[in-house]
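Some notes on the structure that comes next.
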Amino acid sequence: MSTFAAGYAWALLRNRPFAEGNEQVALAAMVTYLAMNRMTWECGEVEETAMVLRAAAGHMSEREWEAWVVGNVGKKG
């Protein structure tokens, strides 16, 4: 499930469907998807911001992005 969330965010980050705010929308969509599937996002804001901007700028591969997302997901009890 967390790989789907990573994929949704990646598509928004790399395809840039909006004039502004693509990074924020991508992160919000990802975290919302995780929450809807009873998972938690366990990443600090500084790292989160750096990684989202890095992905949006094309400085990482989709596999790197997915591994990072999956590594920061927890499950609700």
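The values are calculated or read from the model by the stated rules, or taken from the named source; none is laboratory data. Note that the structure is a prediction, hence the values are computed from the model and not measured. Each accessible area value is taken on the protein alone, full model and side chains, heavy atoms only, with ligands, DNA and RNA left out. Shrake-Rupley method; radii C 1.70, N 1.55, O 1.52, S 1.80 Å.
Counting only protein heavy atoms and a 1.4 Å probe, tell me what percentage of the chain's accessible area is made up of carbon and sulfur.
On the way: 2610 of 4720 Å².
Roughly 55 percent, rounded to a whole number.
Accessible surface computed residue by residue for the chain, with neighbouring protein chains in place and a 1.4 Å probe, gives 61 Å² per residue.
How high is the relative contact order of the chain, in percent, with contacts defined as C-alpha pairs under 8 Å that are six or more residues apart?
Numbers: 73 pairs, mean separation 32.2, N = 77.
That works out to 42 percent.
Summed over qualifying helices (DSSP H, 4 residues or more, each -39500 (n - 2.57)) and divided by its residue number, the chain shows a 222 nm mean residue ellipticity of -21000 deg cm²/dmol. With no solvent and one equal point scatterer placed on each C-alpha of the chain, evaluate the Debye formula and give log10 I(q)/I(0) for q = 0.19, 0.27 Å⁻¹, two decimals. For the requested q values the scattering log ratios are -0.71, -1.42.
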